[in-house]
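Here is the structure we will look at.
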Amino acid sequence: MSFRVGILGYPKTGKTLLFNLLTGQTAEAGKFSTERRHHLASVAIPDPHLERVAGIAGSKKAVPLAVEVVDLAGSRGGEAMRKALELAELRGSDALLHVVRAFEDAEIPHVEDSLDAARDIRNVEAELLLGDLSTVESSLKRLNALLKKAKSPEQEKERRVLEKCHQALEAETPLRAAALDRSEEDVLRGYAFLSQKPVLHLVNVDESEAPRAEEAMNELQGKLGAALGANAALAWASCQIEFEMSQLGEEEARPFAEELKIREPCRPRVTGALAALLRLLVFYTANEKEARAWWLPRGATAIEAAAKVHSDFAKGFIRAETVSCASLFETASFAEARTRGLLHAEGRDYVVQDGDVIQFRFHVS
């Protein structure tokens with residue numbers, strides 16, 4: 001089970017170096033690289049809870065969560081960036097990862113001739129808005145023409161939702177902050193609007209700035225204020241030194257990490273921030289064949305979790321037998337958890353909790 005993140009930004013910001021850090025790949029990322037193609041890789045997320053669940057269930061294998069990462073070629077602003085934003089690789093992403101340059105390099109001028117993270121974030125946010133506004137306007141024109149020929153309740157609703165989006169975008173409000181309800185989001189699903197996607201703005205700082213990067217992010221947050229918007233967040237990395245550290249053994253890398261105040265490696269730091277933005281939780285299924293981790297939106301129900309695992313589980317749903325990881329690890333067996341009353345039978349409307357281990361009972365005739 002995976003989600004996809006699309007990496008975007010100006011050229012020479014460290015995007016491909018970050019891609020390599022997240023995925024363990026070796027895509028060309030030198031400062032004078034002229035490579036323009038996209039890179040795509042899937043990376044498994046280590047999960048010690050999954051390994052323990054697999055051990056208790058006697059599973060033959062454990063299937064961890066994964067993140068698909070697509071690194072798009074850097075694009076200057078304006079029309080060139082809007083063209084890049086139309087790429088299916090980005091539109092199909094669940095979240096966006098915007099890499100912002102905050103390191104000096106006299107050999108590689110910034111495309112805007114100066115470093116200003118707040119400016120670059122505002123510019124990219126504006127490009128997302130403009131791209132979506134263009135799509136909304138063309139879609140409304142098409143719908144209005146169709147509705148003149150024949151009335152359709154579904155198309156009428158689609159038009160109302162798009163008009164709401166148009167108002168938000170004209171007010172420079174990204175669609176992720178447009179207060180859309182669940183039914184309105186369902187109407188828009190096929191559009192894959194970019195300003196509706198959660199976005200993590202990752203500031204790539206120089207090695208010398210890493211020890212005070214957290215403080216710098218707080219300052220940047222203050223500069224951006226409301227411009228950052230809902231379902232958007234800031235993070236930082238020092239991609240060059242962190243990539244070099246990733247080539248060392250854990251013991252060799254530790255003193256460098258301590259000196260730079262890097263509390264955890266780049267991969268879990270970034271993927272964790274993305275999962276939080278997507279409001280995802282993790283639940284587990286386990287049997288003798290395999291134990292598997294699954295992503296699920298927070299607030300989702302047992303029937304939605306069942307559908308995620310297999311359509312038959314949802315179609316023939318009887319109940320979900322759930323136990324928390326903590327309770328399962330304490331009892332060391334599903335049978336003991338049941339005996340102690342820690343394993344519960346839940347109905348289709350049960351709200352799944354982070355760390356639930358679920359056994360679905362179903363019947364399909």
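One table, with the values for the structure above:
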read-out	value
Given Lys157/Lys197; Lys197/Lys223; Lys197/Lys261, the pairs whose alpha carbons are separated by over 25 Å	Lys197/Lys261
Residue among Ala273, Ala168, Ala179 with the largest mean-square fluctuation in a Gaussian network model of the chain, springs linking Cα atoms under 10 Å	Ala179
Gained length - Ser208 relative to Asn123, 0.36 nm times residue gap less alpha-carbon distance	28.0 nm
Charge tally in the Cβ shell below 12 Å around Ala332, where Lys, Arg are +1 and Asp, Glu are -1, Ala332 excluded	0
Rounded if a/c under 1.5, otherwise prolate or oblate - the stretch 143-186, Cα gyration tensor axes	oblate
Cα shape, the stretch 268-365, gyration tensor, a/c 1.5 rule	oblate
Candidate residues Tyr191, Tyr10: accessible-area rank, largest first, probe 1.4 Å	Tyr191, Tyr10
Where the stretch 242-347 is the region considered: accessible area per residue in Å², 1.4 Å probe	53 Å²
Simple spin-label estimate for Arg263 and Asp105 in nanometres, 7 Å along Cα-Cβ	2.9 nm
GNM result for the chain, Cα springs below 10 Å: residue of Glu242, Glu321, Glu330 fluctuating most strongly	Glu330
Accessible heavy-atom area order of Glu154, Glu244, Glu336, highest first, probe of 1.4 Å	Glu154, Glu244, Glu336
Estimated [θ] at 222 nm from DSSP helical runs (n ≥ 4, -39500 (n - 2.57)) normalised by residues in the chain, nearest 500	-12500 deg cm²/dmol
Tail weight of P(r) past 35 Å, computed on alpha-carbon pairs of the chain, percent	35 percent
Under the span-like rule (Cα at least 30 Å along the axis, Kyte-Doolittle mean at least -0.5), DSSP H helices of the chain	117-149
Gaussian network model of the chain, Cα within-10 Å springs - most flexible of Glu251, Glu346, Glu259	Glu251
Within the accessible area of the stretch 176-288 (1.4 Å probe), percent carbon and sulfur	49 percent
Net length gained if the chain between Glu172 and Gln155 were fully extended (0.36 nm per residue, minus Cα distance)	3.6 nm
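The values are calculated or read from the model by the stated rules, or taken from the named source; none is laboratory data. Predicted model only: the values in this text are computed from it and were never measured. Quick reminder, even Gly has a Cβ in these numbers, built from the backbone with ideal geometry, and neighbours come from all protein chains shown. Surface areas here come from the heavy atoms of the whole protein model, side chains and all, with no ligands, DNA or RNA. Shrake-Rupley method; radii C 1.70, N 1.55, O 1.52, S 1.80 Å.
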